[in-house]
Each structure stands twice: as structure tokens, then as C-alpha cells.
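*Asks:* Quick one: the structure is below, questions incoming.
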Amino acid sequence: MKADAPILEVRGITKRFPGGVVALDHVDLEIRPGEIHAVLGENGAGKTTLMNILFGVLQPDEGEIYINGRRVRFRSPLDAMNMGIGMVHQIRKLIPAHTVLENIILGHPKTESIINLKKAREEVKALCEKYGFNIDLDARVWQLSAGEQQVVEILRALYRGAKILILDEPTTVLTPSEVESFLNSMKAMTKEEIATIPFVTHKLPEVFAVCDRITVLRRGKVVKRLGTKEATMKALAEYMVGREVLFKLEKPKVEIGEEILRVENLSALSDKGVLALKGVSFSIREGEIFGIAGIAGNGQQELAEVIAGLRKPLGGRIIFQGRDITNASVLERMKMGIGYIPPERLGVGAIGNFSLVENILMSIYFDHEFSSKGFLSYKKIREYAKKIISEFEVVAPSIDTKAAHLSGGNLQRLILGRVIPRTSKLLIANSPTVGLDIAATEAVRNRILKCKERGMGVLLISEDLDEVLELSDSIAPIYEGRFVRILSAVEAKKEVVGAMMAGALSGGG
Amino acid sequence: MVYLQLPKLKRERLIVLTGKEAVLISISSLIVAFIIFSGFLMLEGATPTEAYGHIFTFAFDPKLGLSTTLHRGFFILFSTLAFIVPMSAGLWNIGMEGQFYLGTIGAFAVAYSLPNLDPALLIPLMITSGALFGAGYGALAGFLRGKLNVNEVVATLMLNNIAFWLVYLLTVGGPWAGIAESTSRPLPASARAPIIWNTTFTSFLAIGIAILLYIFLKYSSLGYQIRVLGNSSVAAKHIGISAPKITILVMSIGGAIAGAAGYHMWAGDPAFYMIPRPEAYKAIGDLTYWGILIGLVCLLNSLAAIPFTVFIGSILVGSTVLVRRLRLPFGLDVLFLGVISLTFVAFQFFHNYRIRRIRRE
């Protein structure tokens, strides 16, 4: 550990939101030059608020920020950038149609009306070499993987001369092979006295491997500050959640039954009209969890949508319980017992402006049990909603609360509560735990296992390899629209599946 | 020392707007409109309180303005409802004007071809025909939007223009031309709308539709599907709601309501009983655009729209006294309406944002 004076110091930061929510409660943070200092916390712990305050997006109600011992106030992100703070957002702020180089120099003070691309290119190239980033500066951003786009954002911050780099969930978008080179680059940056502050909810082990110190946030307060050497994975998770966490899920022993779904040579176009799914065949049986592991954009989204009836297939057939449903509508499929959990929650899986009752109604509005003569029987619906809310442990003041007020984990519980009880045969769970904290993730995974126990077939799609391996009976790594192979849970080794996801073993490997 | 001064006020995005907040916002917007217009009145040498007194006593005097106030107000209610239904599904119906013209054509076609029919039959027939014509015209825009993804704002706006000229073709020197230049023949006496309590019975029809719509949108399964589509078309797709079907449906319902106003307007006011000159029926057609504003101000609540439309009707009718009785410059009455519509639009900001003060350190 370095003994230098802190480059960034945060004292007693407090932030209140309308409605009396205290997002941050006297938070202190001290970052030394060249240090990797992870901030851990669950969703709702106040990480995002703290990040936004450090980057000048929000202003604190109380507390002070010091850079190199001088008190600073950020009115906007521009002020923060001028003081040497760089931010790498989880939601990319890049222009997809422009090249990597153009994105990096965009908005840079040195970039004047006449752009000296040659000089900029040399400077950026030097940065890449120094920190070990391997990226084609002339590639268009839309062609890049999520991990590469993150590199572009980091380079942009470094090119602006950032001395403190805030990283929002840096490892979630990376493939296992990308993680290693990313961590090496982070280490290289520390040698140049650049401090990095990764904010982390998931994927603890990766960050754990490189950081010097850790600050754990829970419900807006710093609950623990410790050096990496003193920490264990299990202890960290407990600090974050506030109770003991069981990392192991109990897989129920379920007899695998008859075939529910058979997909034959399915292909589909993406929204851009590119062939995204290139002839996929598999089947799912009763009580089986079929996991598809892949980096986003490899055709799994299209596959899920085709099976749910949201996207027309280009070719191939879908057989559900012996019946060809290739051309059946979404509603027909829902009535047959097929349920879909979409990856986006607000606006797709749930409607923020609707109450919890109206949200639950999304899965039963067509059911004659809950309406008569075209009018909804609100009394029955409200009773049903109450039952669902308590059964799925959705925490909300009342069933008339608007869904927009729910936290991510509660929202996902609501969506599961809406979909699962109305799904009798096949559940398609598309990235069901993405963005959720540990407690909510655990709850969602247990729900999925319960579906298996009930004899349903489950199609699980996830970027989280551990999740797929942990839950599934069969595992299909997907790469560029094709299954690399279909493995049974017993033969699927993490390293092998990870390599398959990254395309290392595709095509005969 | 680096010292960056904090701004005093801050804008915050609202997640959810309650009905109570919406009422407060509209009342404040009206107060602001009255204050702004007071400035104009004083500039012209009038006393604002006196002027406002005149406006409302005239507008609500049963012997003077009341029947016109109600007639115009409920006409605006028809177009507000015609806006609310498609907007609940997320569609901007800017075509109430054209649908109203088509409704006019539908109603008058029946009246001219069956002039000797019993009023008890003729009048419902005229209203139904007007509603069907309007519905068809709305459905056309709905089809373009739902099936071919043509923007509904552009489609309905252009259809308005076509409808205006259709009426023109029929009246100015056309088959329906009357003796007076560029108006239509008068309606047969059997087509005139019965008057109840200072207003045409169709005003009560408008109230009835408002109540039915409220129940329909809130409690029916179809109304629910409309609202899901209005909140998120992606979510609607995910739960098997057919967007093209709902789109055509809501545009037809909206068109039907605007079309029914074709009867209400011309057969409900003894000053007309015919289609007037093009500039006069165009001026009436322009009133339909109040429906957009009021629909948005009322957060698409069709019951809340009723007092608003009557209020606008009263300003519409009452402000004419500024010119006639107080001898103020011509156009000041129109200016008042303009100020109100602008403050309504400006205050829409508060439907999405809240302004909060930040303490200076």
C-alpha cells in the first residue's frame, strides 16, 4: 500500500432524495494515487448516487470533496473532468456510427475546429501501448463487443488526462478471456499513479483479485473499510447483504420427463436485418433447465423472442408438446402455458406508471376467470394480486403502489409473480438476474429451481456463466448464432464453456 | 481555491404524477394566464377585475351567453374525448377537425335525403351517420399507422385538409349549395336538435360519452389493453396485445366521437341550422384543437375534461364582450384564448419536472 497523501477525499457526503429517502448518509472515502479501491454494495446501497456525486452529476446535500487536499465543488461533469476525474459508465456514452478514435477525441479541449487526427492517433496509440489495450482505432463503435466499448471509454477518460477513474461495474460485460487483460491494464494504470475506483455489485472475485482496498456500502452508509488481504469473499458478501449468504443453491432432484419443446433448425434475423440466429436445434423436457450461455449479441435474444412468439423466424420449426407452434401468436402461446421473462424490466416486463395490481393484470387480462362480459372483475384481480405480492415477497407499501417506485429486485419479483403462476409448461427466463443484487439474485434463482421442481421446462438465457452452470441440466454455449455444442451439466467445465462462449472452440473445436 | 457556485434552483424529473398534483398545476396555469392577460388589459386602459367580471357574467347569463357557452364548450368536449381515446393508446389524433367535417357530411347527407322523416328517427340517424363517417375517417389514419407505420400526426393533419375541401366542394357551388353565397341549404326543421336546459340535448350526449369512456378505459379489458399500449408498446407486444388492431380501434372510436360533433355543432345552434361559409366552418373546425390541450391537461381523464371544456367555452363566448361592450381593440378576445393555451402548454413542464430550491453554501 502506498503511503502518499490521498488524491481524492470525500468527507461526510449526505444525499437525500424527495420523499425522505437518504441515499447517502455521511459517507467518507479516501483514495490514494495509483490505488485500486473497490466500492462494493448491493443495488440501492447508494453506489450510483455516490458515483454521480463524484462525477458532478448530482450535488451532495452535505459534505465535502477534496482533490489533492483542495476543496472542490462540481457543478457539472465538466468540472469533474477538468479536475482529472474520468467516468466509465455501464451504459455506454459513445456514438456507435463513429470510429474508436473519433469517439476518444470527441469533446476533448485539444480538439479544435480543425481536427489533427494524425497527432491524436499517435497520442492514443501511445496510451494503448502503455496500458496494454489492444483495439483497432478505425473500427466503428457499433462493431465492437461490450468489453471493447468499455476500453474506448477508458481510453477517452485517460486521453483527457484523468488521474482518477471511476468504473461502473467494469467486469460484468467482459468475457472470461477479456477479464484477464482488463485486470492487467488496470495494474498498468496504477504504475502511472492513476487511481481507479471500480464500483461493484456482482462478480466479486475478479475485482477482488486486483484491488488494494475495499469500501463496503450498505443502505447509504459505509459499513466496512478494509484492505484486500484481510477480506474473504464470504465476509464481503455478508457485509453487503447484512446477513449470512449461502452461495450454494440446492438443486432439487427432479425426474426428467417427456419432451415439452423441440426446436428444429431455427433461424432468425436481428432488428438490423442481419442473420442473427443460424439454424439452432434442441429440445427441452419436463423438469429440465436448459441453459444458454453466451455474450450478448450472439443470437440468444432472437432465439428467446422467436420461441416466445415475439419475432418471426426466418426458417425452422418450433414444436410444443407435439404441436407445431411456429406461427402461433404470443397470446396463444401464453394460453398454452409458455411464459417469458424479458431481460428489460421497466417498460417491458412491467409498466412503471401502472400500479402493482395493473401490472399483475398483464398476465391475466385475457383470462375469463378475471373478467365478465368484457369488463374486468377488479375485486377478484385485487385478491389475486395480494396473494401474488405476499407469495413472491414483493416489498411495497400497498398493491396500489406504482411499479416505478420499486427497486430492481422487487420489480423482478413482481414480474416473476406475474409470469410464473400463469406458466404451466415452459418458462423462458432471459437474463433473469442481470443487474440484481445478491439477495434478489438468490431469490430469483430459487424461483427458477422451483419451476423445475413443478415439472416445468425452463429455457435459461444468461451472460453469467456461473449462473448457467449452477442451475442448468443441459448447457449450450452460443456463439455467432449457433450452439457450439450441447453439453450435460456433468461434462460442462467452466473453462471450456467460457472458451466456447468467446468463440475459441467454434467450428469443429 | 477552486470555488464553483451552485445554482439556486434545480430541475428534478418526476416519476409519477398524481391526479391531485395535476389539478393544482392546471389551476396555477390558469391563475398565471389571468395575471398575464391583466397586463394586456391594463395596457389598453381597462380594469382587469371589471373586465373579467363582464366576461363571466355574460358567458353564464341564461339570457345572454349561456346557451352558446354550453354549446361551444360541449363541442370542445366532443373533440377532447376524440383526442383522449387514441392518446390513451399512445397515439396523437390531430385529426378531430377532419373527422368533424366528415361527420358534418355524414349528418347532412342523411338530413337532405330524408327531410320528411320523423325527428325521433331522423336525428339519431344523422348522429349515427356522422359518427360512422368520422369513424371511417379516423380508421383510415389508424390503418395507415397500424399496418403501414405511417406517422399518425402527419396522416391526420393531411386528412384534415382533404376533409375541409370535401365540405367546400359540397357547399360552395356544389350539390348542397344554398341560396346565400357559399353556404349550404338550411337543414330541414325536423333535423333541428331539441333544446333542454338552455342547451341542445347533444351536450348531454357528450357528457354521457365522457362517463362511458371513463368506465370503458378504466374497467374494461379492452380499455386496459389500450392503456398498456399507451404506456409501452413493447410491453404490449410481450403480453400478446395486437398494436395494429388497437390502433385502428382507438382511431375509429375517436373519429366517431368527433364525427358526432358534426350534428351537435350545426343542428344544435339556431344561429346555424346549415353549414356556414368556409371561413366560418373552418373557424369552428379550429376549435377542435382545444381538445388536444385539454386532453393533456386533464391527464386523459374524460370526466375531468367536462369542467375544462365548459370553462374554455365561457372564455370563448364571454371574451367577446371585451370588444363589444368595453370597446377594447379587436382581437383582444382571441389574445386571451392564446394566453390561456400558452400557459397550459408551458405548465405541461410541471407534469414531468419539479423545481426545487438548493441551499447556497
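*Asks:* Residues of region B:222-245 that become at least 30 Å² less accessible with every protein chain present than in their own chain isolated, using 1.4 Å: which are they?
*Replies:* Residues shielded by partner chains are B:TYR224, B:ARG227, B:ASN231, B:ALA235, B:LYS237, B:HIS238, B:ILE239, B:GLY240.
*Asks:* Still on this model: Could you compute the FRET efficiency for A:PHE375 and A:SER398, with r as their C-beta to C-beta distance and R0 at 35 Å, rounded to 0.05? Mind dumping the intermediate values first?
*Replies:* Details: r = 23 Å, r/R0 = 0.67.
After rounding to 0.05, the efficiency reads 0.90.
*Asks:* Within region B:216-235, whose backbone N sits under 19 Å from a point 7 Å along Cα→Cβ of A:LYS335?
*Replies:* Counting only backbone N, you get B:221-226.
*Asks:* Charges on Cβ only, +1 for Lys and Arg, -1 for Asp and Glu, centred on the Cα centroid of region B:74-317; of B:MET274, B:LEU212, B:PHE100, which one is farthest towards the dipole's positive end?
*Replies:* B:LEU212
*Asks:* Averaged per residue, what accessible surface does chain A expose to a 1.4 Å probe, in Å²?
*Replies:* Numbers: 21990 Å² over 509 residues.
In whole numbers, chain A has 43 Å² accessible per residue.
*Asks:* Given R₀ = 41 Å, what would the calculated FRET efficiency be for A:HIS98 paired with A:LYS191, taking r from the Cβ atoms and rounding to 0.05?
*Replies:* Values: r = 31 Å, r/R0 = 0.75.
The pair A:HIS98/A:LYS191 has a calculated efficiency of 0.85.
*Asks:* Before I look further, what does region B:74-317 give for accessible area per residue, probe 1.4 Å, in whole square angstrom?
*Replies:* Details: 8840 Å² over 244 residues.
Computed with neighbouring chains in place, this is 36 Å² per residue.
*Asks:* Based on the alpha-carbon gyration tensor of chain B and its eigenvalue square roots a ≥ b ≥ c, which shape applies: rounded if a/c is under 1.5, prolate if not and a/b is larger than b/c, or oblate? Could the numbers behind the result be given before it?
*Replies:* Numbers: a/c = 2.08, a/b = 1.22, b/c = 1.70.
Since a/c reaches 1.5 but b/c is at least a/b, the shape of chain B is classed as oblate.
*Asks:* Roughly how tilted is helix A:176-191, in degrees to the nearest 10 and between 0 and 90, from the longest Cα axis of chain A?
*Replies:* 20
*Asks:* When the accessible area of chain A is computed with all protein chains present and a 1.4 Å probe, what percentage of it is carbon and sulfur? Don't skip to the end; give the middle numbers.
*Replies:* Working: 11050 of 21990 Å².
Taking all protein chains in place, chain A shows 50 percent carbon and sulfur surface.
*Asks:* Ignoring ligands, DNA and RNA, how much accessible area is buried between chains B and A, both sides summed, with a 1.4 Å probe, to the nearest 100 Å²? Can you show the working numbers first?
*Replies:* Details: alone 17380 and 23540 Å², together 37720 Å².
Between B and A, the summed buried area is about 3200 Å².
*Asks:* Then there is this: Take the alpha carbon gyration tensor of chain A, find the square roots of its eigenvalues, order them as a ≥ b ≥ c, and report rounded if a/c is under 1.5; if not, report prolate when a/b exceeds b/c, else oblate.
*Replies:* Prolate is the answer for chain A, as a/c is 1.5 or above and a/b outweighs b/c.
*Asks:* Compute the Cα gyration tensor for region B:220-361, then decide on rounded, prolate or oblate, letting a ≥ b ≥ c be the square roots of its eigenvalues: rounded whenever a/c is under 1.5, prolate when a/b is larger than b/c in the other cases, and oblate in all that remain.
*Replies:* oblate
*Asks:* How big is the charge dipole of region B:208-313 about its Cα centre, in debye rounded to the nearest 20, if each Lys and Arg gets +1 on its Cβ and each Asp and Glu gets -1 on its Cβ?
*Replies:* Working: 6 positive and 3 negative charges, 79 e Å.
Approximately 380 debye in magnitude.
*Asks:* Please report the carbon-and-sulfur percent of the accessible area for region B:74-317; probe 1.4 Å, protein heavy atoms only, DNA, RNA and ligands left out.
*Replies:* Numbers: 6260 of 8840 Å².
The C+S portion of the solvent-accessible surface of region B:74-317 is 71 percent.
*Asks:* If ligands, DNA and RNA are left out, what is the accessible area of A:CYS211 with a 1.4 Å probe, given in Å² to the nearest 10?
*Replies:* 10
*Asks:* Also, quick follow-up: Which residues of region A:355-388 bury at least 10 Å² of accessible area once all protein chains are present, versus their chain alone (1.4 Å probe)?
*Replies:* At a threshold of 10 Å² (probe 1.4 Å), the residues of region A:355-388 that become less exposed are A:GLU358, A:LEU361, A:MET362, A:TYR365, A:GLY374, A:PHE375, A:LEU376, A:TYR378.
*Asks:* Among the chymotrypsin sites (Phe, Trp or Tyr not before Pro) in region B:312-346, which ones are in a DSSP loop with at most 10 other Cβ atoms within 10 Å of the Cβ? Mind listing them?
*Replies:* Numbers: sites: B:PHE330, B:PHE336, B:PHE344; in loops: B:PHE330.
Hits after loop and neighbour filter: B:PHE330.
*Asks:* Any chance you could give the angle, 0 to 90 degrees and rounded to 10, that helix A:378-391 forms with the longest Cα principal axis of chain A?
*Replies:* 60
*Asks:* While we're here: Taking 0.36 nm per intervening residue step and subtracting the Cα-Cα distance, what contour gain separates B:LYS282 from B:PHE330 on full extension? Kindly include the intermediate steps, with their values, before the conclusion.
*Replies:* Values: separation 48, 0.36 × 48 = 17.28 nm, distance 1.97 nm.
So the extension gain works out to 15.3 nm.
*Asks:* Name the residues of region A:26-68 whose accessible area, probed at 1.4 Å, falls by at least 40 Å² once all protein chains are in place instead of their chain on its own?
*Replies:* SASA drop of 40 Å² or more in region A:26-68: A:GLN59, A:ASP61.
*Asks:* In degrees between 0 and 90, to the nearest 10, how far off the longest principal axis of chain A does helix A:117-131 point, with axes built from Cα atoms?
*Replies:* Computed tilt is about 80 degrees.
*Asks:* Same structure, new question: How large is ³J(HN,Hα), in whole Hz, for each residue of region A:207-219 in order, when computed from phi with the Karplus curve 6.51 cos²θ - 1.76 cosθ + 1.60 and θ = phi - 60°, using x for Gly and Pro?
*Replies:* Couplings: 5, 3, 5, 10, 7, 8, 9, 9, 10, 9, 9, 9, 6 Hz.
*Asks:* Here's something else I'd like to know. In cubic angstrom, how much convex hull volume per residue do the alpha carbon atoms of the protein assembly as shown span? All intermediate terms of the calculation are to be shown ahead of the outcome.
*Replies:* Working: hull volume 182.3 nm³, N = 870.
Given the Cα convex hull of the protein assembly as shown, per-residue volume reads 210 Å³.
The values are calculated or read from the model by the stated rules, or taken from the named source; none is laboratory data. Everything numeric here is computed off the predicted structure, so don't read it as measured data. Every residue, glycine among them, receives a Cβ derived from its backbone with ideal geometry; neighbour counts consider all protein chains shown. When the accessible area is computed, the model is the full protein with side chains, heavy atoms only, and any ligands, DNA or RNA have been set aside. Shrake-Rupley method; radii C 1.70, N 1.55, O 1.52, S 1.80 Å.
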